[in-house]
Amino acid sequence: MIIIGEKINSTLKAVRPAIAKRDADAIQSLAKRQADAGAAFIDVNAGMFHDAEPETIAWLVETVQAATDKPFSVDSPNPAAIAAALAVNKNGAPIINSITDEKARYNAILPLALEYNAKVIALCMDDTGMPENADGRFTIAARLIDKLTKAGIALPDIFIDPLVRPVSTGSHYGKAAIDTIRRVKAEYPDVHIACGLSNVSFGLPARKLINQTFLVAAMAAGMDGAILDPLDTKLTSLIWASEALLGLDEYCLEYLDKYREGLIEV
């Protein structure tokens, strides 16, 4: 599982003050803890600082990279902020979160991905909006994959976001995301998945239970990447256990390593 650590996000009330105060120690501690817990990428988001987003997200990237060699995922709807983050990259190939098949956004983000050799998270949405069902989402995913590969982005550098929406607002949304994952991975096995896991539980009590259950179901459908909280050891324990049960962890070696490291919560 490719874990994209979600914690350095300005929308989180516990994190926003540290960003506002430029508290490098707090941000670096959070980055390092996520990396140590298994995150392959550290997501950074400065969207709440609207008037100063480019300089704020560039500071976040530089601060995170001083604490870990993990590459980052830049989470922003603002091309200028994305460009500012990419310009200060010193680690491995980053992820742009995100591109869509909306004409204006696609045309703004694609040149940045090509210039900085970045991976991309591609959302299953276009200028008509977010499809309600898996058929519509898969159609957009296939179109995006075709366009991105023709532009020069390799299949393994594409992460499809199947649009995880709250099941509290539509009882079909969980199944629609899972069905989209299954179809994308069946048709494009070299393409990755990167969903915003916790979106599924928004508005419900005991959100962790919903997130955990959705994680296992989505992994069984082929999900191999997610934006999630790597510090939630119950959640990550389910990742290692699911990989072992799905035949993705030869001889359960990673599961055993995580157990020995004290990262498996029963």
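The values are calculated or read from the model by the stated rules, or taken from the named source; none is laboratory data. On a predicted model such as this, the values are computed, not experimentally measured, just so you know. Every residue, glycine among them, receives a Cβ derived from its backbone with ideal geometry; neighbour counts consider all protein chains shown.
Worth pointing out:
- Lone qualifier among D146, D157, D179 - being surrounded by 13 or more Cβ atoms within 10 Å (Cβ to Cβ) and either under 24 Å from S73 (Cα atoms) or of a type in the set (V, I, T) (or both): D157
- Test result for S198, surrounded by fewer than 23 Cβ atoms within 10 Å (Cβ to Cβ), within 16 Å of M219 (Cβ to Cβ) and of a type in the set (S, T, N, Q): yes
- Where a residue in the stretch 132-155 is more than 23 Å from I178 (Cα to Cα) and its partner, wherever it lies, is among the hydroxyl-bearing types (S, T, Y) and modelled with pLDDT of 95 or more, with Cβ under 8 Å and at least six apart: K147/Y106
- One residue from A241, A186 being in a helix (DSSP H, G or I) and closer than 19 Å to A39 by Cβ: A241
- Within the stretch 26-43, being over 22 Å from I239 (Cβ atoms) and not in a helix (DSSP H, G or I) holds for no residue.
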